[in-house]
Each structure stands twice: as C-alpha cells, then as structure tokens.
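S.K.: Structure incoming, see below.
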Amino acid sequence: MTEEPPGWRALLTRDGLDTLRWIAGERGAGRAASEINSSLRARGLPADQVAALLTQALLREKARTKFGDRAEQFLFTQAGLEQATRSRVAASHAERFRAAGCTRIADLGCGIGAESLALLEAGLDPLAVELNPLTAEIASHNLRVAAALLGRPEPEVQVGDAEQIGPEDADGVFLDPARRTAGHSNTRRVSSPDDYSPSLTFAFHLASRLPTGIKLGPGFDRELIPDQAEAQWVSVDGQVVEMGLWFGAAARPGVHRAALVLNGATGSAELTASEDSADAGLRELGEYLYEPDGAVIRARLIGRLAADLNAGMLSDGIAYLTTDQLVPTPFAQVFRVVETLPSREKVLRRALGDRGIGSLEIKKRGADVDPAALRKRLKLRGDNHATLFLTRSAGKHVALLAERC
C-alpha cells in the first residue's frame, strides 16, 4: 500500500477545511503562496500540514478546468486530479447508464469520485470502490458534499481491491483502470495493459455480463478493442481526453466507432459509424483546408467526415481535407487557403516579411520541422496574422498560407 503523504490527514478535518477556505480567500485577494505559508506557520501549524494545505489549495485552482466552481468544495490528490474525468464527459457516461435502464452502477476504481459524482447527479446510485484508503476518504468527502447539495443520501465508498469486491448487486459497471503506478504524485504510466488496475481481463469479463463502460487513454492499442465493443473517442475544446469502450445495453446498436466533440462555444456533436471508414480519395488543393478534430482522427472517421463535406484528402496518410466549398462543421477547424508559398526557408522568410506577417500559427503534418524553432528563424515582423501549413499535397512538400474561417 502506498504510504500516505505527511500532513494530508489534516485536510479531512473541520479545521483543515476551514483553513482551505481561508487560503482561497487570501489567494483571491492576491496574496502569494509564500506569504500564506508564513501566516500559517505563525499560527503554529506544522510544516507538513502547511505544505499539504497549500498543495491542496493549488490543486483546487487547477481543478476548476475539470469541475468548475464546485472544485472549491472538493478535495484532490495530484494523481487523482490528473486521471479524473472532466465533469462534462462524466455526465455523458452517466447518461449512457440512465438510457440503458441502469439504476445502480458499480464505479470500480473510483479515484477521487468524478464518475460517481456524475452518476449521483444523474439520479443514479453509485457503488464506489477504491483501493487506496486516503483516496477513498477524499472520494467520500466529495460525494458527501455533492449528496448534501442534491438532498440525496451519501453514497458509501468501499476500500479494497475492485477485483475482489466486484460489482456486487449493481446492474451496470464503470471502470477507470489506473494507467499509472500507484501513488498520490510523481506517478508514471504503466507500460502494459496487463498492468492496469483493475485488469482489462477482469473488465472485459464483467462486460460480458453487465452493461459496462471502460475509460482508457486515447492512444489505447486498437488491436485490443473487442469486436463487440463500441469505441468512442472524446475531445474537449480540441483536446482528445479519452477513449471509452461500451458494452451491452450501454453501447448503441450498430455503432462501433464514434467521435464525440465537446466544445464550450458550440456544445456537443458526434460522428458515428459501424466500423473504421476508409480514407477519401485524393484531390487537388481547393480553396478551403479542413483540419479534422483529434477524436475524428483517432476514431478513423476521416473518410466519413470527408463524405459529409464533399472533400478529398490533400495527400495519402495526411489528415487534412480540402474542398472548394465552405461547409461549417464541429468536427474540423476550417481555413481558407490564401496562397501557396515557397517551402524553402530563406524564400519563405522573405515572403512572410513582404506580407507584414508578425504573428504566425504554424501547423504541420508530413513535414519534419520544429514549429517553435522555425518561427524563431523566420524573424517575423509586421502587424498581420496568418496560419502556415507545412505539409504535403499530392505527395509533394508545400507551404500553405491560410486564414481561419
């Protein structure tokens, strides 16, 4: 069992929670962590408690990107926060179980409780299990806070090995297998799916009996995806955050590949198919260039998107689409191609200078170049902004000057 970090036990006390609220107020007033440290030490708090309190305060600030304003009331570990599902994504998981008719969902390996929180908010009953005792207490705190706000009974978090406890009397199962070595900080990713906890063998066995969801990394080996599973890649504001495998009633009939795109500005949209789609055919560079969302690329649905856009591939194996039509889509960023520039660096620098481009976004696929280093060498100057694509068109290296649509 992982050794408990010194000072963290104090976070679970009333005094500890009150002090965290005080720290949040001081941080909001602009006080530096070093000043707050001095104030806490002047109160006579031990150094390990002060370190734990300040670390927790910083984790709460960081957690706002995943949990919003609720983060101010929750507790976190560094490793738990890193692996915790964003609240919007967890809500979509809970909705799957609700649509499948499940009411009691075993959250096996619940971590700090992100999935159980979403289940609770969806009106479902989470049965949470966590191996690490401190993490389990933190999950209990978070669920207690949420249950009080919702006026619902506080769910119990069982401490133990999920593989030993199992789903008990649940009618649905969610697993977020640990993909890092055990611990609260300084964790590293495991090298083999066999090292996941709970193991994938255990997870797939449950999936053969109950509606099941398994959260995995977006780079999970596709060869290990079971034929009967629905695989859904999820991106949030342009960042691919997970790949979920869904089984039984939690999976959708006829859907085996899906790309869910969540965006703060445009909401949510999803592209689905019964299987990987073949890439679209090549076509000459058109007026518009489409950069598919990472979830679409991971799900291998570029061809499906191309068909919707009446677009073609810019080059074999390059995830850029091109067409002469402007078709707004949530599944790709769209650029208007302004000009094809010389790809030789010296000539390119002169061309950008002549156009007064001082701010340049550089995107590349199929080109061996470091965008940051290139940007520095280009010695940009001027008031204009543009996007530069370094890629291949019909197999040849090209530099495309473009503007966002």
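The values are calculated or read from the model by the stated rules, or taken from the named source; none is laboratory data. Being a predicted model, the structure only gives us computed values, none of them experimental. For neighbour counting, all protein chains shown are included, and Cβ atoms are generated from backbone atoms with ideal geometry for every residue, glycine included. Keep in mind that these areas ignore ligands, DNA and RNA; they rest on the heavy atoms of the full protein, side chains included. Shrake-Rupley method; radii C 1.70, N 1.55, O 1.52, S 1.80 Å.
S.K.: How compact and how long is region 300-381, expressed as Rg and Dmax of its alpha-carbon atoms in Å?
M.R.: Cα radius of gyration and Dmax of region 300-381 are 15.1, 40 Å respectively.
S.K.: May I ask you to give the solvent-accessible area per residue for the chain, in square angstrom, as obtained with a 1.4 angstrom probe?
M.R.: Values: 18840 Å² over 405 residues.
It amounts to 47 Å² per residue over the chain.
S.K.: What does the charge dipole of region 332-374 about its Cα centre add up to, to the nearest 20 debye, if the Cβ of each Lys and Arg holds +1 and the Cβ of each Asp and Glu holds -1?
M.R.: Rounded to the nearest 20 debye, it is 100 debye.
S.K.: Relative contact order (percent) for region 97-180, with alpha-carbon contacts under 8 angstrom and 6 or more residues of separation?
M.R.: Working: 157 pairs, mean separation 32.7, N = 84.
Relative contact order, region 97-180: 39 percent.
S.K.: Can you list the lysines whose alpha carbon is less than 19 Å from that of LYS363, not counting same-chain residues fewer than 8 positions off?
M.R.: LYS346, LYS376, LYS379, LYS396
S.K.: From the square roots a ≥ b ≥ c of the eigenvalues of the alpha-carbon gyration tensor of region 65-133, which class results: rounded (a/c under 1.5), prolate (a/b over b/c), or oblate?
M.R.: oblate
S.K.: Ignoring ligands and nucleic acids, what accessible area does PHE220 show with a 1.4 Å probe (Å², nearest 10)?
M.R.: Surface accessible to solvent at PHE220 totals approximately 20 Å².
S.K.: For the residue pair ARG404 and ARG209, what label-to-label distance in nm results when each label sits 7 Å from Cα along the Cα-to-beta-carbon direction?
M.R.: The answer from the label model is 5.0 nm.
S.K.: GLU284 versus ASN263, label points 7 Å from Cα toward the beta carbon: distance in nm?
M.R.: With each label point 7 Å from Cα toward Cβ, the separation is 3.0 nm.
S.K.: In addition: ASP48: accessible area at probe 1.4 Å, nearest 10 Å²?
M.R.: The value for ASP48 is about 70 Å².
S.K.: Take region 345-400, compute every pairwise Cα distance, and split them into 5 Å bins from 0; I just need the percent in each bin.
M.R.: Once binned at 5 Å, the Cα pair distances of region 345-400 give 5, 19, 31, 26, 13, 5, 1.
S.K.: Separate question: How high is the relative contact order of region 339-405? Use alpha-carbon pairs under 8 Å, at least six apart in sequence, and give a whole percent.
M.R.: Taking the mean separation of contacting Cα pairs over the length of region 339-405, I get 40 percent.
S.K.: Going by the alpha-carbon gyration tensor, a ≥ b ≥ c the square roots of its eigenvalues, is region 1-76 rounded (a/c under 1.5) or, if a/c is not under 1.5, prolate (a/b greater than b/c) versus oblate?
M.R.: Here region 1-76 falls in the oblate category.
S.K.: Can you give the charge dipole size of the chain about its Cα centre, rounded to the nearest 20 debye, using +1 on the beta carbon of Lys and Arg and -1 on the beta carbon of Asp and Glu? Before the final figure, lay out the partial values.
M.R.: Details: 49 positive and 53 negative charges, 382 e Å.
Result for the chain is approximately 1840 debye, rounded to the nearest 20.
S.K.: For the chain, just say rounded, prolate or oblate: build the C-alpha gyration tensor, square-root its eigenvalues into a ≥ b ≥ c, call rounded for a/c under 1.5, and beyond that prolate if a/b exceeds b/c, oblate if not.
M.R.: oblate
S.K.: At q = 0.12, 0.17 Å⁻¹, work out log10 I(q)/I(0) for region 264-405 with the Debye formula, treating every Cα as an identical point scatterer and leaving solvent out; two decimals please.
M.R.: -0.50, -0.93
S.K.: So, one more: Work out the charge dipole of region 287-392 with +1 on the Cβ of Lys and Arg and -1 on the Cβ of Asp and Glu about the Cα centre, then indicate which of THR329, ILE302, ALA319 is farthest towards its positive end.
M.R.: Selected residue: ALA319.
S.K.: For region 280-356 and region 240-262, what is the separation of their C-alpha centers, rounded to whole Å?
M.R.: 27
S.K.: Before anything else, pin down the relative contact order of the chain: Cα pairs under 8 Å, at least 6 apart, normalised by residue count, whole percent.
M.R.: Result for the chain is 9 percent.
S.K.: Would you rank THR201, THR323 by solvent-accessible area, highest first, keeping every protein chain in place and using a 1.4 Å probe?
M.R.: THR201, THR323
S.K.: Using r as the Cβ-Cβ distance of ARG21 and ILE165, and R0 as 25 Å, what FRET efficiency do you calculate, to the nearest 0.05?
M.R.: Efficiency at R0 = 25 Å is approximately 0.15.
S.K.: Then there's this: Write out the trypsin sites (Lys or Arg not before Pro) in region 196-303 meeting two conditions: DSSP loop, and at most 12 other Cβ atoms within 10 Å of their Cβ.
M.R.: Answer by residue number: ARG209.
S.K.: Still on this structure, I have one more. Keeping the other protein chains in place, figure out the carbon and sulfur percent of the accessible area of the chain, with a 1.4 Å probe.
M.R.: Details: 8820 of 18840 Å².
Reported share for carbon and sulfur atoms: 47 percent.
S.K.: Check the straight Cα-Cα distances from LYS215 and name the lysines below 17 Å, setting aside those fewer than 8 residues away within the same chain.
M.R.: Partners found: LYS66.
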